[in-house]
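A.B. asks: Dropping the structure in here first, questions after.
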Amino acid sequence: MSDWFDELAGFLRIESVSADPARADDVKRAGEWVCGLVRDGGGECELIDWNGQPLAIGEVPASTDPQNAPTVLCYGHFDVQPPDPLELWDSPPFEPEIRGEHLYGRGVADDKGQLYMLLAGARELSRAGRLPVNVRFACDGEEETGGDSIVQFLAADERGANAAIIFDSGMIGVGRPAFNVATRGLTYFHLTVRTGARDMHSGIYGGAALNAAHALIQTLNGVLASDGRLAEPLRAGIVPPAQSELDSWRELPAGASELADQGAQPMDSRAAEEFYVRTTAEPALDVHGVAAGSPFAQKTVLPVEASANVSIRLAPGQDPDEIDRAFERLLRASVPEGAALEIEPLGSAPAALVDPGSPAIQLGLRAFERALGVQPALIRTGGTLPIAAALSERGIPTIITGFSLPDSNIHAPNESLRVEYVPLGIAAARALFEELSGL
């Protein structure tokens with residue numbers, strides 16, 4: 001175990017918290033560590049400044065005939081989430097420790113430990129003279145605070161690739177790997193409704209003057225889902241899941257248990273049955289926060305300003321600009337007469353979709369079956385991964401997978417990864433590089 005533990009532990013000890021400006025040098029140091037491992041595998045790599053953000057860009061050439069060998073692009077991020085609250089960790093977050101079957105430490109699952117698997121797998125094959133593909137690494141140090149720099153880099157990089165691999169995801173359960181063949185997009189807004197010049201006495205004006213809180217509620221009712229489905233204008237462009245995906249979903253935990261395990265209540269009577277469709281293949285609109293008047297102090301005030309933050313998770317196939325326009329039309333049709341509505345877009349990212357029947361995915365399935373003894377399930381994820389959309393736009397089929405588990409405590413204290421999955425992940429990376437030589 002020490003052949004990988006000591007090396008990985010050195011990476012994990014670097015406090016590369018991108019959200020903390022005081023740790024900017026540590027983020028760069030983590031990027032240099034990545035570059036060092038690429039060079040250790042016989043490749044070239046440098047830490048570049050991309051509009052103020054560090055990117056580790058390098059390549060390990062194929063052992064024979066690199067000019068004609070396929071190129072596989074590997075992405076991972078070397079920044080990590082803040083470790084707070086520190087008092088909830090059972091061991092120091094930046095001092096990796098093995099306890100029982102798990103390795104604990106910040107970044108072990110998200111994403112340093114998983115990026116290490118790809119780096120080590122490429123290095124091992126290269127040192128043995130058996131690396132059949134060119135392995136290009138493009139890694140960033142700001143995924144936890146945006147992830148824009150790597151997307152911009154890929155848009156400007158004209159080289160392209162035959163396939164891409166991202167180890168920044170998880171397994172369904174112990175021994176149950178998965179490939180994410182789709183991610184949802186995201187569009188985010190801040191809404192403000194104004195109904196007058198100043199707050200008013202509800203006893204004098206209540207029942208006659210327009211209340212901004214009421215107006216906001218009425219406006220939002222125009223876009224909220226009914227029976228788990230958004231209005232048709234917000235569903236435009238959806239690409240439904242392939243039959244192979246639907247078949248794989250039967251292997252996933254029941255939707256009822258997924259909700260119950262989180263202490264959540266179903267939205268309606270069909271929510272549990274349709275859990276995976278709703279959370280991965282349909283758009284979903286959520287109100288994240290509302291402010292109006294005085295929700296805590298007992299004040300009889302009629303508020304004249306109310307605001308809310310709202311996002312829409314976009315299904316694969318949807319155009320963010322088209323959905324933005326439909327969202328605004330529906331809101332303005334619902335706002336009551338006399339109320340002024342302001343809509344401030346706060347950002348968006350498109351969804352991504354990979355053809356599950358593409359040669360890269362099929363070769364990847366074969367590689368994982370070789371390394372793990374089981375084929376991954378083909379699933380979608382409800383989250384948003386901007387780099388996946390950027391790769392999709394370039395026509396680069398991407399294998400998005402990983403070895404974290406639902407109880408890995410990603411972004412939380414006591415982040416962990418099963419010890420056995422480090423060498424297993426390295427073996428899976430080797431198998432992927434070998435199989436993808438068939439592209």
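A.B. asks: Considering only the range 150-167, state which residues are outside any helix (DSSP H, G or I) and either farther than 29 Å from Q375 by Cβ or modelled with pLDDT of 95 or more (or both).
C.D. replies: D157, E158, R159, A161, N162, A163, A164, I165, I166, F167
A.B. asks: (1) of a type outside the set (D, E); (2) without any contact (Cβ under 8 Å) to a residue 60 or more places away in the chain; (3) in the same structural domain as I166 (by TED's automatic domain parsing): which one isn't true of R332, the others all being true?
C.D. replies: Here R332 meets the rest and fails (3).
A.B. asks: Considering only the range 296-342, how many residues are among the hydrophobic types (A, V, I, L, M, F, W, C) and touching a His at 6+ places or on another chain (Cβ under 8 Å)?
C.D. replies: Total satisfying the criteria: 4.
A.B. asks: I would also like to ask the following. Just to confirm my filter: which helices (runs of 4 or more DSSP H) fall fully inside the range 347-439 and include at least 1 residues that are within 30 Å of L191 (Cα to Cα)?
C.D. replies: Qualifying helices (runs of 4 or more DSSP H): 386-393.
A.B. asks: Right, next: Would a scan of the range 159-170 turn up a residue that is loosely packed, with under 15 Cβ neighbours inside 10 Å, more than 30 Å from F327 (Cα to Cα) and not assigned by TED's automatic domain parsing to the domain that holds A339?
C.D. replies: The answer is yes; a qualifying residue exists.
A.B. asks: Which ones in the range 63-96 are touching a Ser or Thr at 6+ places or on another chain (Cβ under 8 Å) and either closer than 22 Å to I399 by Cα or not polar (S, T, N, Q) (or both)?
C.D. replies: Selection gives A69, P70, F78, D79, V80.
A.B. asks: Please verify whether the range 326-333 includes one or more residues that are within 20 Å of G382 (Cβ to Cβ), among the aromatic types (F, W, Y), under 24 Å from the mean Cα position of the chain (by Cα) and buried (at least 17 other Cβ atoms within 10 Å of the Cβ).
C.D. replies: Within the range 326-333 (the criterion being within 20 Å of G382 (Cβ to Cβ), among the aromatic types (F, W, Y), under 24 Å from the mean Cα position of the chain (by Cα) and buried (at least 17 other Cβ atoms within 10 Å of the Cβ)), the answer is yes, since at least one residue qualifies.
A.B. asks: Shifting gears a bit: Is it the case, given these coordinates, that A69 is more than 19 Å from D168 (Cβ to Cβ), surrounded by fewer than 23 Cβ atoms within 10 Å (Cβ to Cβ) and among the aliphatic types (A, V, I, L, M)?
C.D. replies: yes
The values are calculated or read from the model by the stated rules, or taken from the named source; none is laboratory data. Computed from a predicted model, the values in this text were never measured in an experiment. Cβ: placed from backbone, ideal geometry, glycine included. Neighbour counts: every protein chain shown.
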